[in-house]
1. May I ask you to list the residues in the stretch 52-63 that are open to solvent by 30 Å² or more (accessible area, probe 1.4 Å) and part of a helix (DSSP H, G or I)?
2. Going through the stretch 157-168 one residue at a time, which ones are open to solvent by less than 20 Å² (accessible area, probe 1.4 Å) and assigned to a helix (DSSP H, G or I)?
3. Quick test for you: out of Glu80, Glu8, pick the one residue that is open to solvent by 80 Å² or more (accessible area, probe 1.4 Å), in a strand (DSSP E or B), among the acidic types (Asp, Glu) and touching a residue at least 12 places away in the same chain (Cβ under 8 Å).
4. Tally up the residues in the stretch 33-51 that are closer than 18 Å to Ile204 by Cβ, of a type in the set (A, V, I, L, M) and in a loop (DSSP other than H, G, I, E, B), please.
5. Looking for something open to solvent by less than 40 Å² (accessible area, probe 1.4 Å), of a type in the set (Val, Ile, Thr), at pLDDT 85 or above and within 27 Å of Val370 (Cβ to Cβ) - is there at least one such residue anywhere in the stretch 206-221?
6. Kindly check whether there is at least one residue in the stretch 60-67 that is free of Cβ contacts under 8 Å to residues at least 40 places away in the same chain and under 19 Å from the mean Cα position of the chain (by Cα).
7. I'd like the residue in the stretch 380-412 that is outside any helix (DSSP H, G or I) and among the small types (Gly, Ala, Ser) and, out of all such residues, is most open to solvent (accessible area, probe 1.4 Å).
8. Kindly indicate whether any position in the stretch 103-111 is open to solvent by 20 Å² or more (accessible area, probe 1.4 Å) and either at pLDDT 85 or above or touching a Lys or Arg at 6+ places or on another chain (Cβ under 7 Å) (or both).
Amino acid sequence: MTEKLLPEPLITDDTVVFGLLALSLGFIFVSSSIKTGFWKKFYGVVPAVLMCYLLPALLSSFGVVAEKWHTVNELGEVTEHTSRLYYMASRYLLPAALVLMTLSIDLKAIANLGSKALIMFLTGSAGIIIGGPIAILIVSIFSPESVGGNGFDAIWRGLSTIAGSWIGGGANQAAMYEIFKYTPEKYGGMVLVDIFVANVWMAIVLLGVGKTKQIDKWLKSDTSAIEKLKSKVTEFTDRITRVPTLPDYMIMLGLAFSAVGIAHFFGGHISKALTENVAAVADPTNFLSFLGSGFFWMVVIATAAGIAISFTKAKNYEGAGASKIGGMFIYILVATIGMKVDLGRVLENPGLIAIGFIWITIHAGLMILVAKLIKAPYFFLAVGSQANVGGAASAPVVAAEFHPSLTSVGVLLAVFGYVVGTGGALLCAYLMEIASKV
């Protein structure tokens with residue numbers, strides 16, 4: 001069995017696709033700024049950031065753009081093509097955004113947020129660990145073929161890669177793939193479930209951002225520490241706000257992208273050195289294998305650079321719009337994430353999709369239950385979930401939607417996800433193996 005060939009989209013030139021994404025973002029922000037009539041009602045229900053994700057997803061679903069596609073030459077040779085836009089946004093713009101959105105960070109105020117953020121993150125991890133085997137047991141009742149398979153074709157082996165992705169991130173997902181050796185020809189189906197289900201859940205989380213006050217009221221949560229942090233940052237921003245000049249923009253550009261260069265340079269060297277010299281890191285079965293990920297070190301170093309800048313006078317560039325520029329980069333990242341979703345492929349394997357949705361529902365249900373019990377704010381629920389399911393590429397996006405000052409909370413939790421990702425995914429995989437044989 002070979003993976004189904006992906007059709008060539010209408011537009012394959014990344015330069016043109018980027019222009020189309022920029023046009024989409026521009027349209028969304030123009031329409032969302034209209035405070036009367038249809039658009040006011042529309043964006044009162046659907047957050048602008050959700051549209052920044054859905055519009056590219058629709059373009060992908062209708063074959064206008066694509067993140068990946070295949071072509072076949074006269075000899076029948078298949079060539080796979082991949083858009084570089086997500087790579088650009090996640091490797092260049094994301095670390096730049098992390099620098100710009102953390103240069104005015106208040107570490108003391110973040111520490112005052114308390115332990116509920118960590119509790120909700122760990123609850124999210126637990127929901128993924130137990131959700132996988134429960135989903136297999138449920139789906140086996142009405143579709144046993146969807147959870148079967150023997151040897152390296154066993155479905156639980158493929159699902160282990162989703163567990164790695166949803167608890168830690170790409171590095172942990174790769175580790176699960178190496179450990180359990182799932183059949184390569186079928187791996188694409190697991191990637192589809194991972195991307196589609198995770199992004200549908202992200203859309204639901206973003207939808208809830210617009211209803212934060214109502215949700216917090218239902219949860220009976222104490223949001224005083226979050227509001228205090230937001231107020232403190234807002235007051236600081238108001239105090240230093242000025243009309244930005246060209247030198248301001250160029251200096252912010254220099255700070256952000258020199259930090260990106262440093263993050264890539266040292267991140268690549270650190271990951272390579274650890275992989276070559278530390279056996280535990282080179283071994284994909286070891287929970288320390290995430291330390292061999294260049295992306296992990298890039299996020300850590302970029303965040304550390306932003307925090308270091310916050311101790312200098314450069315933090316005053318927040319008054320010239322540093323976090324707003326970072327926010328612009330984040331929205332571009334959201335659009336490239338949306339490109340990954342082709343809604344037309346959802347029904348290719350309904351059994352796997354069913355497992356994915358039951359799995360994420362258990363994760364969501366457990367988080368809501370614990371949030372209700374400990375009266376945790378919706379912010380901790382949303383960011384704690386995305387730090388698991390979305391990782392470093394999504395958690396800052398969701399956190400920034402609440403307030404730019406909260407971006408660093410999402411980053412810190414996502415980085416923590418790398419630490420527990422491999423161990424948690426291994427436990428989940430072994431539980432899924434048992435469930436598939438019941």
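The values are calculated or read from the model by the stated rules, or taken from the named source; none is laboratory data. Note that this is a predicted model, so its numbers are computed, not measured. Glycine also receives a Cβ, built like all others from the backbone with ideal geometry; neighbour counts cover every protein chain displayed. Side chains are part of the model used for accessible areas, which takes the heavy atoms of the whole protein and leaves out ligands, DNA and RNA. Shrake-Rupley method; radii C 1.70, N 1.55, O 1.52, S 1.80 Å.
1. Leu54, Leu55, Leu58, Leu59, Ser61
2. Taking the stretch 157-168 first, the residues open to solvent by less than 20 Å² (accessible area, probe 1.4 Å) are 158-168.
Hits for the stretch 157-168 are Gly158, Leu159, Ser160, Thr161, Ile162, Ala163, Gly164, Ser165, Trp166, Ile167.
3. Details: Glu8 fails: in a strand (DSSP E or B).
It is Glu80.
4. Qualifying residue count for the region: 1.
5. Within the stretch 206-221, the subset open to solvent by less than 40 Å² (accessible area, probe 1.4 Å) is 206, 208-209, 212, 216, 219, 221.
Imposing the further condition that a residue be of a type in the set (Val, Ile, Thr) reduces the set to 209, 212.
Checking which are at pLDDT 85 or above leaves us with 212.
With the extra rule that they be within 27 Å of Val370 (Cβ to Cβ), the set shrinks to 212.
Yes, because at least one residue in the stretch 206-221 is open to solvent by less than 40 Å² (accessible area, probe 1.4 Å), of a type in the set (Val, Ile, Thr), at pLDDT 85 or above and within 27 Å of Val370 (Cβ to Cβ).
6. Within the stretch 60-67, none of the residues are free of Cβ contacts under 8 Å to residues at least 40 places away in the same chain and under 19 Å from the mean Cα position of the chain (by Cα).
7. Within the stretch 380-412, the subset outside any helix (DSSP H, G or I) is 390, 394, 403.
Next, only the ones that are among the small types (Gly, Ala, Ser) stay: 390, 394.
On the way: Gly390: 28, Ser394: 10 Å².
Restricting to residues being outside any helix (DSSP H, G or I) and among the small types (Gly, Ala, Ser), the top hit is Gly390.
8. yes
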